[in-house]
Amino acid sequence: MNIRPIVFYLFLLNLILTFPCLSQAQTIGDYDVVWRSPSSDASGAMPLGNGELGINLWVEPSGDLLFYLSRTDSWSETGRLLKLGKVRVSLSPNPFAAGSAFTQRLNLQQGTIEITGEQGKERTKLTVFADPGAPVLHLLCTSSRPVNVTATSEPWRTAPYDIPKEDSLLGINSAWPRTGTYDYTQAVESADQTLSDPDAVVWYHRNEHSTYPLTLDLMELHSLASRFDDPLLHRTFGVRMSGAGFVKRSPLEIATVRPVKHFDLRLATCTAQTPDIATWEQQLRATERSAANGRKALAANRQWWKNFWDKSFIFVETPDIDTGFRITQSYLLQSWLSACGGRGAYPIKFNGGIFTVDPVFTDTKIRANADHRNWGGDYWWQNTRLMYYPMLASGDFEMMLPLFRFYQDRLASFRTIANEYMDAEGAVIPETSSIFGLYRPGDYGWDRTGRQKGDIRNMYVRHAWNGSLELVSMMLDYYDYTGDTAFVRTRLVPVATEVLRYFDTKFPKDADGTIRITPTQALETYWYDMVNDLPCVAGLHAVLPRLLALPHGTAALPEQARWNRMQRQLPPMPVEIRDGQKRFAPAEQYDPKKNNTEVPELYGVFPFDLCNFTTPDAQIGIDTYNARTERGFYGWRQDGQMAALLGLTEQAAECLAHKTENSHPNHRFPAYWGPNFDWTPDQNHGGNLLTTLQTMVLQSHGNSVYLLPAFPKRWNVRFRLHTRGRGIAEGSYRNGKWETEPALKGASGYTLKSAPGFERAREIE
């Protein structure tokens, strides 16, 4: 008897039992979301989109297909981001009804949702995708037996909407409390309308009025009307639903003329500010004509998603198979959500993006309609930024541009606030910004009794300045990763000039010339007796030397002189002695009373990267991190990436694992996080998840790129990530060693290094 094969197989079995990760999946398709049964309602929605247009789709037990349509720019009269509508698609005989072999697959690699029904030898497959080149949704069907098809719009905005208390939760911008003498007819949302198109169902929402005048009245900023156009007035958004072989049966329904084996149902969408509805309809039809036919659009869609996934990736394997699978799938699904809803005209909404559904599934106490989201339509910088940091390492640079455009395009508003409210030059970016680039009315304060112009009622944001510096820092990161000098001239320098001018003219100087940042606050946590809060001090220390290092001629000489002077005037990073340890402090001077649960003392670690495992003050950062009293894994908390930057491997891994367990129990899709502090799907939670894992795998500091700086040795990983200097780093670490030699492509002048404790990689100059 030859025992060698037996010994070999026993050895192999033992290896698999010891390292079960060896058998884990390593392709995008292995992490598809696959359901073998229909969903009862919108809680079982599956997301899809092309960056501008998105849907939430589910199949009911009856076999009917339903979906909500959304866009990133469908803003109502009141500044709420509304859905486009809801559609029901019915097939008869229905191949997806009870009794069929049902499958619904989110095909990540191809960028589609595929629904199949099989009954005996009969098979029907429906492929749903959004055209990558136009805001058009396609439903392509192939059936072995002819079916009748009906597509119906199911509107809910059938009457003017005076926003009720249920939709005013948490004082959102759209609450518009009926106080004072303001004209609140401006704050009522109009009903949706239909057009009498003979060949299609067309519906739309049009803003015949806007809350912009009301907001300017409240804030006494009437001069701004001539400098910043109203982004809401006459904004019109809607859908044209049609298809070859379909006829119109009613204002809300189209159907096939006869049973068919193939069909391409198309929903073209358009958002525009037009003088009349006829002009908008012309643009809608032009959008539809510009779109490719179904098969060509499907091929283009597949190519787009192939390019997207090839650009970067991280596959993690752990001794516990389920944990490794969940980490990798969570990373991929959040990347999917960002790509599906992050390439439109406006930044991603942290509180659900464009993938919110009926609020009752997230919070049973809320009885509002499907347009509801907690925290409303406004942008909180501290939340919004968190979806954009991971786009650097993933190489999704074009997806960052809507964020930069949003804030740059509102510089007129930000300058007006600085000048008329703060008695300063330059621009100040409110922590909570409406679509107008102004404070949310509720934050500014509806009741102005006893308050002067510019006196911000909400103390959580009254003296929050650090967001402006963080925006500049992120724009500098964008340049470091892309090398785009045109971006520096046209976007970075204009924004940085205004932001730094504000800090220079707003705040006094001590006798020795040192800037004294007061009044101020340390995020939303410390408000009182504040001088030189760490987030602002760290932000100035982070951006000024990088601005001065920009290519010659990209900034005006007077501004360079200002930046040089300001750099000499900076106060040191605030530190304090606690329990015999030297730690970073929230501010140079502060009242220790807390009003929120953030950790401003660690902003020198993240986002400003002044302290990390490579810097001389790393131990101060570690001691500060370990001593923090506010800690957690969910929502906007940044503990994971902070731990990774400090080289705290086990803490980062613990944060990451907990982040992946945050799916809402009432939602079927595994990456519908939250609601945490905000709403479901919680996009700032998902952004932090991506950043934590990326930072565990790769970090760029100075001219060095570090591999696996906070990655457990017992885990395996295969990755491709972008670096500063226009570089791409790749590697495969398995069973305690580099499986393939890690490499750094591009990034001239940068050196690739393994982090301490790992097998040293080849250094590449």
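No value in this document is a laboratory result; all are computed from the given coordinates. On a predicted model such as this, the values are computed, not experimentally measured, just so you know. Virtual Cβ from ideal backbone geometry, glycine too; neighbours counted across all protein chains shown.
Trypsin sites (Lys or Arg not before Pro), restricted to the stretch 273-365: which are DSSP loop and have at most 15 other Cβ atoms within 10 Å? Working shown, then result.
Numbers: sites: R285, R289, R295, K296, R302, K306, K311, R326, R343, K349, K365; in loops: R343, K349, K365.
For trypsin sites (Lys or Arg not before Pro) across the stretch 273-365 that sit outside H, G, I, E and B with at most 15 neighbouring Cβ atoms in 10 Å, the list reads K365.
Based on a Kirkwood Rh over C-alpha pairs, give the Stokes-Einstein translational diffusion coefficient of the chain at 25 °C and viscosity 0.890 mPa s in µm²/s.
This corresponds to a translational diffusion coefficient of 89 µm²/s.
For A191 and H222, what is the calculated FRET efficiency with R₀ set at 51 Å and r taken between the beta-carbons, to the nearest 0.05?
0.95
Strictly greater than 24 Å: what percent of every Cα pair in the stretch 456-603 meets that?
Of all Cα-Cα pairs in the stretch 456-603, 35 percent lie more than 24 Å apart.
Binning every alpha carbon pair distance of the stretch 660-721 at 5 Å from zero, what are the percents per bin?
Using 5 Å bins, I get a P(r) of 4, 16, 20, 16, 14, 14, 10, 4, 1, 0 for the stretch 660-721.
Residues with amide H under 5 Å of A370's amide H, sequence separation 5 or more or different chain, H placed in the peptide plane at 1.01 Å from N; which?
none
Where does each of 443-456, 247-260, 312-325, 536-549 land if you order them by average Cβ count within 10 Å, highest first?
The densest-packed peptide leads the list: 536-549, 312-325, 247-260, 443-456.
Taking amide hydrogens as modeled 1.01 Å from N in the peptide plane, which residues meet the under 5 Å criterion relative to S37, leaving out close sequence neighbours?
Those qualifying (amide H under 5 Å, at least 5 residues apart or on another chain) are Q104.
What are the residues whose amide H is under 5 Å from the amide H of F263, where those residues sit 5 or more places off or on another chain and H is modelled from the backbone?
So F263 has HN proximity to C141.
Can you tell me the length gained on complete extension of the stretch S748 to D447, counting 0.36 nm per residue apart and subtracting the Cα distance?
Answer, rounded to one decimal: 102.6 nm.
What translational diffusion coefficient, to the nearest whole µm²/s, does the stretch 267-383 have by Stokes-Einstein, given a Kirkwood radius computed over alpha-carbon pairs, a temperature of 10 °C and 1.306 mPa s viscosity?
It diffuses with D of about 87 µm²/s by this estimate.
For the stretch 41-92, divide the Cα radius of gyration by the Kirkwood radius and give the resulting Rg/Rh value with two decimals.
Working: Rg = 12.5 Å, Rh = 11.9 Å.
That ratio equals 1.05.
Calculate log10 I(q)/I(0) of the stretch 545-661 for q = 0.11, 0.14 Å⁻¹, where I(q) comes from the Debye formula with a single equal point scatterer on each Cα and nothing for solvent.
The Cα Debye sum returns log10 ratios of -0.48, -0.71.
I'm a student and want to see the number: the projected area of the Cα convex hull of the stretch 248-304, averaged over all directions, in nm². Present the calculation step by step, with values, prior to reporting the outcome.
Working: hull surface 23.1 nm².
Value for the stretch 248-304: 5.8 nm².
Once fully extended, how much extra length lies between E739 and T27, figured as 0.36 nm per residue of separation less the alpha-carbon to alpha-carbon distance?
Gain in length upon complete extension: 254.6 nm.
Take T597 and N564, extend 7 Å from each Cα along the Cα→Cβ direction, and tell me the distance between the two endpoints in nm.
Each label point is offset 7 Å from its Cα along the Cβ direction, giving 4.8 nm.
Where Rh denotes the Kirkwood radius from the mean inverse Cα pair distance, what is Rg over Rh for the stretch 381-456?
Checking Rg against Rh, the ratio lands at 1.08.
Give, in nm to one decimal, the length gained when the segment between R405 and T274 is fully stretched (0.36 nm per residue of separation minus the Cα-Cα distance).
Result for the pair: 45.0 nm of gain on full extension.
For the stretch 419-507, compute Rh as the Kirkwood radius over C-alpha pairs and then the Stokes-Einstein diffusion coefficient at 20 °C and 1.002 mPa s; write the answer in µm²/s, rounded to an integer.
Answer, rounded: 149 µm²/s.
Give me the Kirkwood hydrodynamic radius of the stretch 606-729 in Å, from all C-alpha pairs, to one decimal place?
That comes to 15.2 Å for the stretch 606-729.
In cubic angstrom, how much convex hull volume per residue do the alpha carbon atoms of the stretch 517-573 span?
Expressed per residue, the convex hull around the Cα atoms of the stretch 517-573 is 89 Å³.
Using the count of nearby Cβ atoms within 10 Å as a rough guide to exposure, how do E524, E576, E431, E154 rank from fewest to most?
Going from least to most buried by this count: E154, E576, E524, E431.
Of all DSSP beta bridges in the chain, what percent run antiparallel (nearest 5)?
Within the chain, antiparallel bridges account for around 95 percent of the total.
What FRET efficiency comes out for the pair S40/E661, r = Cβ-Cβ distance, R0 = 22 Å, nearest 0.05? Present the calculation step by step, with values, prior to reporting the outcome.
Details: r = 23 Å, r/R0 = 1.07.
Once rounded, the FRET efficiency stands at 0.40.
As an exercise, use a Förster radius of 30 Å and the Cβ-Cβ distance of A286 and S92 to find the FRET efficiency, rounded to the nearest 0.05.
Efficiency for this residue pair is about 0.35.
Taking a threshold of 27 Å on the Cα-Cα distance, which of the pairs K713/K745; K261/K296; K594/K659; K296/K745 fall above it?
From the list (K713/K745; K261/K296; K594/K659; K296/K745), the Cα-Cα distance tops 27 Å for K296/K745.
Please work out, to two decimal places, the log10 of the ratio I(q)/I(0) at q = 0.13 Å⁻¹ from a Debye calculation in which every Cα of the stretch 322-424 carries one identical scatterer.
Values returned for q = 0.13 Å⁻¹ are -0.64.
Taking every Cα atom in the stretch 398-441, find the radius of gyration and the maximum pairwise distance Dmax, and write them in Å.
Calculated on Cα positions, Rg and Dmax stand at 10.9, 36 Å.
In the stretch 49-164, if every C-alpha pair distance is counted and binned at 10 Å from zero, what percent goes to each bin?
Using 10 Å bins, I get a P(r) of 12, 40, 30, 14, 4, 0 for the stretch 49-164.
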